[in-house]
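**Student:** Below: one structure in structure tokens.
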Amino acid sequence: MTAKVKVTNLVKTFGNNEVLKGINLEVQNNEVVVVIGPSGSGKSTLLRTLNKLEAPTSGDIIIDGMNIADPKTDINKVRENIGMVFQHFNLFNNLSVSENIMLAPVELKKEDKQAAAEHAKRLLKTVGLESKFDATVQSLSGGQQQRVAIARALAMDPDVMLFDEPTSALDPEMVGDVLAVMKNLAKQGMTMIVVTHEMGFAKEVADRVVFVDDGNIQEQGTPDEMFNHPKNPRLQDFLDKVL
Ligand code: ADP
Ligand code: MG
């Protein structure tokens with residue numbers, strides 16, 4: 001079986017700051033990988049290099065068989081297959097909910113507007129926001145906006161979804177709805193890489209948990225291995241702080 005995502009010896013430096021120090025990571029089709037680790041350890045940088053929002057300093061990143069570190073690779077084609085959800089939603093506030101969702105399929109994939117609208121309706125249903133098709137972004141709560149952001153990412157029919165702390169900016173009462181949408185997505189077989197501090201989600205949904213600290217993967221394993229039998233003292237220390 002070939003991996004959906006294969007990262008080999010990934011190094012990323014900003015000036016003198018070596019943030020990723022040789023990451024090796026494989027993610028299989030349908031796998032849910034949850035990335036945990038302290039603030040500043042390089043989790044966001046790792047996700048951002050996967051769709052070349054940051055260019056790798058060295059190493060290889062192969063997604064669906066295409067090496068995105070290779071300058072000859074058409075990065076826009078690769079990006080169409082990678083959905084990304086950020087901490088701060090990044091919706092277009094001047095567009096309606098449906099316009100946000102339809103924008104990329106219509107502009108990039110040249111999807112027919114009617115078909116894109118039907119697709120947007122179905123996606124809004126799956127994130128529990130059927131009634132918000134024509135709503136303005138500003139009229140929505142943070143949790144609703146994040147669910148629209150997930151629908152927008154799904155509108156391109158990606159085969160990998162990347163989530164960077166999708167619930168960290170939300171009021172506590174909104175977190176559950178967003179996690180429920182992500183859990184459903186995992187159940188449907190979506191390949192997902194999720195950076196989160198929600199350890200309950202990691203325990204319940206992750207096939208594999210990856211602990212990043214100081215620019216390296218220090219330990220990885222099943223949720224049971226990671227949470228109940230952590231080996232690396234850094235992981236034990238981290239879990240003591242967050243659990
Ligand atoms: P995490 O997501 O685990 O909190 P980040 O990947 O955001 O960590 O950051 C890791 C390190 O990289 C930090 O020291 C941060 O300051 C640095 N960093 C991240 N992005 C940039 C950037 N665009 N320019 C310079 N330094 C950066
Ligand atoms: Mg981060």
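What follows is calculated from the coordinates using simple rules that are stated; it is not laboratory data. Nothing here was measured: the structure is a model prediction, and the numbers come from that model. For neighbour counting, all protein chains shown are included, and Cβ atoms are generated from backbone atoms with ideal geometry for every residue, glycine included.
**Student:** In the neighborhood of L47, defined by Cβ-to-Cβ distances under 10 Å, what is the net charge if each Lys or Arg adds +1 and each Asp or Glu adds -1?
**Tutor:** -1
**Student:** Also: Out of residues 5 or more away from G59 or on other chains, whose amide H comes under 5 Å of its own, with H placed 1.01 Å from N in the peptide plane?
**Tutor:** Amide H to amide H, under 5 Å and 5 or more residues apart or across chains, G59 pairs with V11.
**Student:** Right, another one. Add -39500 (n - 2.57) for each DSSP H run of 4 or more in the chain, then divide by its residues: what number comes out at 222 nm, to the nearest 500 deg cm²/dmol?
**Tutor:** Values: 9 runs with 91 residues, N = 243.
Dividing the helical sum by the residues of the chain leaves -11000 deg cm²/dmol.
**Student:** I need the per residue convex hull volume for region 91-158, using only the alpha carbons, in cubic angstrom as a whole number.
**Tutor:** Details: hull volume 5.0 nm³, N = 68.
In region 91-158, the Cα convex hull volume per residue is 73 Å³.
**Student:** Per 10 Å bin, what is the whole-percent P(r) computed from every C-alpha pair distance within region 134-175?
**Tutor:** 26, 51, 23, 0
**Student:** Per the Kirkwood formula on distinct C-alpha pairs, the Rh of region 45-131 is how many angstrom?
**Tutor:** Here the Kirkwood hydrodynamic radius works out to 14.9 Å.
**Student:** Please compute the Kirkwood hydrodynamic radius of the chain from all pairs of different C-alpha atoms, in Å with one decimal.
**Tutor:** Across the chain, the inverse of the average 1/r is 18.5 Å.
**Student:** Let me ask something additional. What size of dipole, in debye to the nearest 20, comes out for the chain about its Cα centre when the only charges are +1 on Lys and Arg C-beta atoms and -1 on Asp and Glu C-beta atoms?
**Tutor:** Dipole of the chain, to the nearest 20 debye: 340 debye.
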